[in-house]
Amino acid sequence: MKEEYNQFIGIYDESVPIELCKVFVDNWDEAQRNRTIMHPHDVATEIGHYPDQDNLTKQDQTAYVAPLQSTIYPRPPVDQYSGFLKDCFNAYIKEYSIQFNGIIYNDMFKIHKVKESEGFHRWHYEKGGPLAIDRIMAFMTYLEVPKRGGETEFLHQCLRLDPVVGRTLIWPAGYTHMHRGLMPLEGTKMYITGWFTCPKFPFDGTPGDGV
């Protein structure tokens, strides 16, 4: 795995084998048969975007995967990916000497399939609403990339990263890392994305269940 760091964005090339990426791409039809495809606006509402702006957002397809008990994809590739992602996470923690007094979870991720001119193009960050305050860091891994377009752009860092199969990105979930995905201009983009989260605490002060 090759490591690069740029303004608190971890870039991990060759972090996930190309063969494993292809397994997820090939198994997309299984996710559709299991009816796990969801409209991206469901997610957008959760993180604080306004319904009357939906016409500004292109649609893509999303499948939710729970690594601990996946019925969307076969268990072996999900377990394998979780192991590679953990390696990236540990490298990021080490690079920035991050200390956290508690447990950090990663028990769910999403797979997006984005065709030409589709995708979520509005600037946003991953901790932009009350239901997202448990998100500490975000991650994504490119599974399939278009011939042109499909970059991931970070606003305040003035940084645009090319999609590369097997490349994983990790970055802080807060407003410092506003970002967007640029549309594929030729071909299809598929990627995994999700969050490293901490347990939520209800207002009565007692610990809540991990997300």
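Miscellaneous remarks
Residues are listed down the side, and each one gets a yes or a no for (1) closer than 13 Å to Val114 by Cα; (2) at pLDDT 95 or above; (3) out of contact with any Gly (no Cβ under 9 Å at 6 or more places or on another chain); (4) of a type outside the set (Phe, Trp, Tyr):
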| residue | (1), (2), (3), (4) |
| --- | --- |
| Pro146 | yes, yes, no, yes |
| Cys158 | no, yes, yes, yes |
| Val164 | no, yes, yes, yes |
| Arg167 | no, yes, yes, yes |
| Phe196 | no, no, yes, no |
| Phe201 | no, no, no, no |
| Gly205 | no, no, yes, yes |
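- For region 107-128, filtered to residues that are among the charged types (D, E, K, R) and not in a strand (DSSP E or B), the residue that is farthest from the chain's Cα centre (by Cα) is Glu116.
- Hits in region 89-106 - residues which are surrounded by 15 or more Cβ atoms within 10 Å (Cβ to Cβ) and in a loop (DSSP other than H, G, I, E, B): Ile104, Asn106
- Residue check for Met137: crowded, with 16+ Cβ neighbours inside 10 Å, modelled with pLDDT of 95 or more, more than 24 Å from Ser82 (Cβ to Cβ) and in contact with a strand residue (DSSP E or B) (Cβ under 9 Å, 6 or more places away or on another chain): no
- Complete set of residues in region 170-193 that are closer than 26 Å to Glu95 by Cα, buried (at least 21 other Cβ atoms within 10 Å of the Cβ) and of a type outside the set (Ser, Thr, Tyr): Ile170, Trp171, Ala173, His177, His179, Gly181, Ile192
- Selected residue [under 17 Å from the mean Cα position of the chain (by Cα), part of a loop (DSSP other than H, G, I, E, B), without any contact (Cβ under 8 Å) to a residue 60 or more places away in the chain and within 30 Å of Glu19 (Cα to Cα)] from Pro146, Pro163: Pro163
The values are calculated or read from the model by the stated rules, or taken from the named source; none is laboratory data. Keep in mind that this is a model prediction, so the values were computed, not measured. Neighbour counts run over all protein chains shown; Cβ positions are idealised from the backbone, glycine included.
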